[in-house]
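No value in this document is a laboratory result; all are computed from the given coordinates. What you are looking at is a predicted structure, and each value in this text was computed from that prediction instead of being measured. All Cβ positions, glycine included, derive from the backbone under ideal geometry; neighbour counts span all protein chains shown.
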Amino acid sequence: MTTTYPEAAPGAAVQKKAGAWPMLLLAGAFEVGYALSVAGSEGFTVPAWSVSAAAFFLLTLYSLSVALKAVDVGIGYAVWAGIGAVGAALLGPVFFDEVLTPERAFWLAVIIAGVVWLKLADSPRLAGSGDDATAGEAR
C-alpha cells in the first residue's frame, strides 16, 4: 500500500527555515546555560550545578536538532557554537572569577559578526536572488 502526500505550498520551505532560526537561537542560549553550568559544577561535584548542566544539555540538543531540520548543518552548528562561546565568555565574568580583556572582546565581536553574516547569507531574499541569477544564466 502506498501513501501519497500533498505537495507543500511554495512558501512552506521559507516558513520552515524562518521558524528554525529562533529555535537555533534558543539552542544557543541553552548552550550558554550548559557551559556555565558545567563550569559551576566543578567537575560534576556540585549537585545543583550538575543537574542544571544535564537539563541544559538535553534542552540544547533537542532545540538544535529541531533547528537542523531546516538549517544546513554547517551553518547551524557554527551559529550554535558561536552563540555558546560568546555567551559563555560574556557571562563567565558575571558568574565566576574570569576576566574579559579587550582582545577577547574584539574576537568575540568578530564571532558575533560572523553569526550575523551567516544569518544574512541564509535569508530567503538572498537565496531567491541566487536562484533567479542561475536560472537567467541557463537560458
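Residue ranges 63-73, 101-111 sort as 63-73, 101-111 when ordered by packing (mean number of other C-beta atoms within 10 Å per residue, highest first).
Here the extension length gained between Asp72 and Asp97 equals 5.4 nm, from 0.36 nm per residue of separation less the Cα-Cα distance.
Of the two radii for the range 18-122, the radius of gyration is 1.01 times the Kirkwood radius, both from the alpha carbons; that is the Rg over Rh value. Note down the nm distance, to one decimal, between modelled labels 7 Å out along Cα→Cβ at Arg104 and at Ala54. Between Arg104 and Ala54, the label points sit 3.0 nm apart.
Each Lys and Arg adds +1 at its Cβ and each Asp and Glu adds -1 at its Cβ; summed about the Cα centre, the range 18-122 shows a dipole of about 260 debye.
With a Förster radius of 25 Å applied to the beta-carbon distance between Ala18 and Ile111, the computed FRET efficiency rounds to 0.60.
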